[in-house]
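Reviewing the structure listed below.
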Amino acid sequence: MNTSAAQTRPTHTGTDLADSAFLRACRGEPVPHTPVWFMRQAGRSLPEYRALREGVPMLESCTRPEQVVEITMQPVRRYGVDAAIFYSDIMVPLKAIGVDLDIVPGVGPVVAEPMRSLDDLAPLRPIEPGDVPYVIESIRGLTAELGGTPLIGFAGAPFTLASYLVEGGPSKDHAATKALMYGRPDVWHELLGRLATIAAGFLRIQVEAGASAVQLFDSWAGSLAPDDYDRYVRPHSEAVLAEVGTLGVPRIHFGVGTGELLGSMAAAGADVVGVDWRVPLAAGIDRVDGRPVQGNLDPSLVFAPWEIVAEKAAGILTAGQKAPGHIFNLGHGVLPRTDPDVLARLVDFVHTESARG
């Protein structure tokens, strides 16, 4: 392991949580520097993560509080990021309520019995704190260790969860999902309504345990046309965000390939809208109706020469100044082969350049 990369970097233990740069940016308030964190910052790009996870299935690792705390803390120590993201998976709440599923290495979530009728939806009941005691224990342990660094909780959005349940696993075209959406709207809305209740409940559990913000991931919403998103999906994401809105924490809404949906995602109730790398950040800012934004460096750019990485990051920082608040992030998750040293250098660059501005 590279000793310089593995060194412990300063965390924000002396800062009041509410006054942290990350939460201030979420609220559109002035910040001392642009805050930065990375989606999938806790994961396969870190050798210490791979060592800890060796021989432990993904979903099992999410149920071990000591492991969850350590994995969540690893990138905070390495990079000095402005927020931690809770180590878990969007399928955890479904597994916790009894859905027969697993995360297969090299494949992704696989559901034993796809759900395509009203009778199939019987297992989808509301989640209760007693279903996930390991989540509560993990978050309490993390908030004690993080000090002034905020913890972001998260959940999968109803459409993305539905796509796995209907398809039985990952899909490139979401054909079965869309067939159900168009052909059986009664089943579709019942399915997404139940998933919205589960997602909102899972977020509530995380916030009540100590999470300072939440992110609703709609990884596959970019497969939808805007009209279909507004008719079949947005009301359910809106229900999740409305429920979480009663908890008083910032709500980030993010999707992949959702450039044409950004306005609707903002209108669904997001406080902060994530912009992926396919949309120039300045254009994304124009589409989200005055909300803070998060993003949006192409995750592949970190493999380029540093001069290119710095140039692109500087451009994003400049564009972000037009928003009420800007949280620097990648346009999606950290890729497994990413050099941790580059991410550490990128955090330093964002902090230094934005503080000068």
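Angle of helix 185-209 to the longest C-alpha principal axis of the chain, folded into 0 to 90 degrees and rounded to 10: 40°.
FRET efficiency for the Asp102 to Lys312 pair, using the beta carbon distance and R₀ = 41 Å, is estimated at 0.60.
On a 0 to 90 degree scale, rounded to 10, what angle separates helix 306-320 from the longest Cα axis of the chain? With both axes taken from Cα atoms, the answer is about 70 degrees.
I'd like the FRET efficiency for Asp89 and Asp341, computed as 1/(1 + (r/R0)^6) with the beta carbon distance as r and R0 of 30 Å, rounded to 0.05.
On the way: r = 27 Å, r/R0 = 0.89.
That pair, Asp89 with Asp341, gives E of 0.65.
Each residue, Glu48 and Ala122, gets one label point 7 Å from its Cα in the Cβ direction; the gap between the two is 4.7 nm.
Could you tell me whether the range 188-293 comes out rounded, prolate or oblate from its Cα gyration tensor? Rule is a ≥ b ≥ c as square roots of the eigenvalues, rounded for a/c under 1.5, then prolate if a/b exceeds b/c, otherwise oblate.
Because a/c hits 1.5 or more and a/b fails to exceed b/c, the range 188-293 counts as oblate.
Against the main long axis of the alpha-carbon atoms of the chain, helix 65-79 sits at an angle near 40°.
Give me Thr318, Thr143 sorted ascending by neighbouring Cβ count inside 10 Å, so fewest comes first.
So the ranking, lowest neighbour count to highest, is Thr318, Thr143.
What list do you get for Thr338, Thr177 if you sort them by fewest beta carbons within 10 Å? Before the final figure, lay out the partial values.
On the way: Thr338 22, Thr177 25.
So the ranking, lowest neighbour count to highest, is Thr338, Thr177.
Which stretch or stretches of the range 228-261 have amide N atoms under 16 Å from the point lying 7 Å from Ala18's Cα along the Cα→Cβ direction? Only 247-250 pass the distance filter. Place a point 7 Å from the Cα of Ala112 along the Cα-to-Cβ direction; which residues of the range 136-171 have their backbone N under 19 Å from it? Under cut-off, by backbone N: 164-170.
Under 18 Å from a point 7 Å along the Cα-to-Cβ line of Ala225: which residues of the range 173-188 have their amide N that close? Taking a point 7 Å out along Cα→Cβ of Ala225, the residues of the range 173-188 whose backbone N falls under 18 Å are 173-185. Straight-distance candidates among the lysines for linking to Lys178, with alpha-carbon spacing under 28 Å and chain neighbours fewer than 8 residues away dropped: Lys95. Remark: Thr34, Thr197, Thr246 ranked as Thr246, Thr197, Thr34, counting other beta-carbon atoms within 10 Å and listing the fewest first.
When the square roots of the Cα gyration tensor eigenvalues are ordered a ≥ b ≥ c, the ratio a/c for the chain is 1.5 or more and a/b exceeds b/c, which makes its shape prolate.
Taking the highest mean first, how do the peptides 277-284, 223-230, 101-108 order by number of other beta carbon atoms within 10 angstrom per residue?
Numbers: 277-284: 18.6, 223-230: 16.9, 101-108: 12.6.
Taking the mean over residues of other Cβ atoms within 10 Å, the ranking is 277-284, 223-230, 101-108.
Each value in this text was obtained by applying a stated rule to the coordinates, not by laboratory testing. These numbers come from a predicted model, not from an experiment. In this analysis, Cβ positions are derived from the backbone assuming ideal geometry, glycine residues included, and neighbour counts consider all displayed protein chains.
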